[in-house]
Structures are given as structure tokens and as C-alpha cells.
Amino acid sequence: MKVYTYTQAREHLATVLEEARRQEVIIRRRNGEQFSIALRPESASPFDVAPVSTRATTQDILEAIRESRERD
């Protein structure tokens, strides 16, 4: 874990962010407060799904949806 003062972090922000890609970075203010910076992983969309191989046609899928809605 790398620790920077507020002034160092401000003067070298690009470096601080690059370091945060690899490990947590702490920024310490003069009054003792500490802040943590870490890379936040990009969250995937719930609509990102792996391709599925099927012989079902679009019409088959739409018909199955219609049938399931009629049952309710």
C-alpha cells in the first residue's frame, strides 16, 4: 500500500491513479484524515450474456413467451 500526502497526491494525480490500478493508495491530510483510493472494477451489464447455441427460432421463442403468459 502506497501512502501520499495530500499535496503529493494533488501534484502527481496521474501517478497516484496509476498506482491505484495495482494496489490501494492512501492519501493522508495534514489533520490526520486518511482517504483510500482503489480501482473499482467495471461492472458488467446484466444484459451481457454469453451466446447460447440453440435450434429455436425467434418465432419459437416468442410463442413460448406467449404461452407462458397465457398460463398466468
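A few points about this structure:
- Restricting attention to the range 28-72, the residues being touching a strand residue (DSSP E or B) at 6+ places or on another chain (Cβ under 9 Å) and among the aromatic types (Phe, Trp, Tyr) number 1.
- Criterion applied to ARG30, ARG55, ARG10, ARG71 was being more than 31 Å from the chain's Cα centre (by Cα) and at pLDDT 95 or above, and the one residue passing it is ARG30.
- Taking first residues from the range 57-70 that are among the β-branched types (Val, Ile, Thr) and partners that are surrounded by 10 or more Cβ atoms within 10 Å (Cβ to Cβ) and in a helix (DSSP H, G or I), no Cβ contact under 6 Å between residues at least 6 apart in sequence or on separate chains turns up.
- Test for GLU24: is it in contact with a Ser or Thr (Cβ under 8 Å, 6 or more places away or on another chain) and modelled with pLDDT of 95 or more: yes
- Check on ALA14, free of Cβ contacts under 8 Å to residues at least 24 places away in the same chain, out of contact with any strand residue (DSSP E or B) (no Cβ under 6 Å at 6 or more places or on another chain) and small (Gly, Ala, Ser): yes
- Qualifying residue in the range 36-53 (condition: of a type in the set (Val, Ile, Thr) and assigned to a loop (DSSP other than H, G, I, E, B)): yes
- Residue match in the range 23-30 (condition: out of contact with any Leu (no Cβ under 6 Å at 6 or more places or on another chain), part of a helix (DSSP H, G or I) and either hydroxyl-bearing (Ser, Thr, Tyr) or exposed (fewer than 11 other Cβ atoms within 10 Å of the Cβ) (or both)): no
The values are calculated or read from the model by the stated rules, or taken from the named source; none is laboratory data. Because the structure is predicted, anything quoted here is derived from the model rather than measured. We place every Cβ from the backbone using ideal geometry, glycine too, and count neighbours over all the protein chains shown.
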